[in-house]
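Quick notes on the structure that follows.
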Amino acid sequence: MIKFTPEEAERAVIGSILLDPSKIAQVRAALAPEHFSDATLREIYRVCLDVHKEGRPPDPVIVLERCDSKNVGDVVCDCLERTPSAAHAEYYASVVVEWAARRRVNKLARALARDSIDPTIPISSCAAELERMQQALSSAADTAHTADAETSRQRLMAIIADSRNGRGWAHAVPGVSNFVPRLMRGTILTIGGRSRHCKTALALAIVRATLNKGGAVVYAAEEQDSVIFARLVSQECKVPYGPLLEGQMIAQELEERFHAYAERLAAAWGNRLHIITSPDPAVIELAVLRHRPWLLVVDTIQRVGHAAGAGIAGRSDLAFGDIMVQLRRIAVDCDCAVIVLSQVKYAEGRPKPPTAADFRETREIIEQSDTALTVYWPRVEDPRRAEVDPDGFGRELHIGCVKRRTGATGTVIVDLDPATHHIGPVSRGYRRG
């Protein structure tokens with residue numbers, strides 16, 4: 001039997017009813033208007049049910065008279081043209097009901113996946129969502145397939161409990177936590193943005209949260225290890241690191257504060273922070289196998305790709321796809337989370353916040369990512385902002401989510417300190433530091 005798509009089945013069942021009005025008596029017990037995903041088809045079917053209750057056969061003329069949709073005439077003609085026979089109306093209806101259940105299960109599963117990693121949501125709420133998902137499954141499945149529903153529920157609840165007890169950790173980084181409240185082992189988070197738009201600053205904020213929770217980190221750095229450590233210290237103590245690295249004079253109190261934090265953090269993080277400056281994928285994998293970290297950060301995927309043989313001109317080189325697959329394997333086999341930093345293309349004309357299409361090597365990078373974030377720091381790129389802020393620095397960092405397997409996407413704004421790259425909740429009443 002030919003498998004219909006959901007859209008084809010919805011139009012075929014309406015076409016069958018309009019071709020043979022007696023068919024509505026066969027499908028109305030199982031098929032409800034809510035099962036249709038298309039709003040116009042839902043309205044047409046509701047009209048057909050109303051006419052049938054009146055004891056009259058539904059036909060195209062009555063449907064056209066009673067429906068309010070503007071394109072109902074075109075939809076009715078299309079349904080009739082796509083339905084060669086009304087003999088299989090019950091089969092078409094069963095497909096519509098099945099796909100309605102699939103959509104509901106998918107929606108509930110996404111909510112369950114999102115809530116299960118949010119420590120603020122009680123696990124009893126997750127159990128209730130799981131029960132609703134099983135009810136949706138049982139409405140479209142044979143009893144033989146749902147006989148072990150209680151066993152499946154217990155196993156899934158055990159997985160959720162395990163994910164809250166070691167498989168994931170809350171990072172509490174402003175903005176990122178809106179989309180990824182907990183980093184899960186075995187997943188890949190990609191952060192994309194143009195140069196100097198604070199991709200690394202965002203990754204380092206998550207690294208700090210991981211280190212402060214007792215986890216180990218392997219950081220494949222684009223900068224020297226001393227610079228990476230200085231940037232971590234700067235975020236932690238909120239003292240600018242640039243002047244110190246360049247040998248410039250700063251207030252003695254700030255310098256003493258920076259060095260005190262550096263000494264303390266070196267002792268606290270020394271055996272858990274592993275910075276490697278080699279872009280070789282094999283070296284990165286060996287470091288992960290040796291240290292077994294909670295988190296691996298790759299800064300940047302383009303640097304690793306070029307080291308692996310991907311030409312700078314060949315932005316769609318399959319080498320990037322191979323690297324992302326390798327990182328996925330590392331995440332799963334070594335039970336760690338992976339953050340990948342990626343350059344995005346510059347927009348022509350006035351710069352704008354990047355989208356998924358702006359990622360270089362878009363398909364290879366996005367496909368393997370569980371969540372993809374973008375960062376955009378409207379600094380000197382916007383002449384109007386430069387006029388308002390003579391220093392050329394704004395404090396608003398835009399974090400966009402362009403892909404998320406377990407929830408919705410969107411954009412949030414956080415407060416960014418231009419001197420230390422410390423990221424905090426947005427505050428409209430800030431003053432320039």
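No value in this document is a laboratory result; all are computed from the given coordinates. Computed from a predicted model, the values in this text were never measured in an experiment. All Cβ positions, glycine included, derive from the backbone under ideal geometry; neighbour counts span all protein chains shown.
Things worth noting here:
- Net lengthening on full extension, Ser195/Thr120 (0.36 nm per residue, minus Cα-Cα): 23.5 nm
- Angstrom value of the Kirkwood radius, inverse mean 1/r, which spans all Cα pairs in region 160-306: 16.3
- For the peptides 122-129, 362-369, residues were scored by their other Cβ atoms within 10 Å and the scores averaged per peptide; the highest-first order is 362-369, 122-129.
- Distance-filtered residues of region 170-213 - backbone nitrogen under 12 Å, label point 7 angstrom along Arg272 Cα→Cβ: 207-213
- Near Val426, the amide H atoms lying under 5 Å from its own belong to Asp415; only residues 5 or more places off or on other chains count, and H is placed 1.01 Å from N.
- Rough spin-label spacing in nm, given labels placed 7 Å along Cα→Cβ, for Arg82 and Asn106: 1.6
- Sites listed here are trypsin sites (Lys or Arg not before Pro) in region 17-103 whose DSSP assignment is loop and whose Cβ has at most 10 other Cβ atoms within 10 Å: Lys70.
- Links that overshoot a 24 Å alpha carbon limit, given the list Lys23/Lys70; Lys199/Lys352; Lys23/Lys107; Lys107/Lys213; Lys238/Lys403; Lys107/Lys345: Lys23/Lys70; Lys23/Lys107; Lys107/Lys213; Lys238/Lys403; Lys107/Lys345
- Loop GluC sites (Glu not before Pro), region 230-312, which have at most 16 other Cβ atoms in a 10 Å radius of their Cβ (DSSP): Glu246
- Of the trypsin sites (Lys or Arg not before Pro) found in region 177-230, the ones in coil according to DSSP and having at most 12 other Cβ atoms within 10 Å of their Cβ are Arg196, Lys213.
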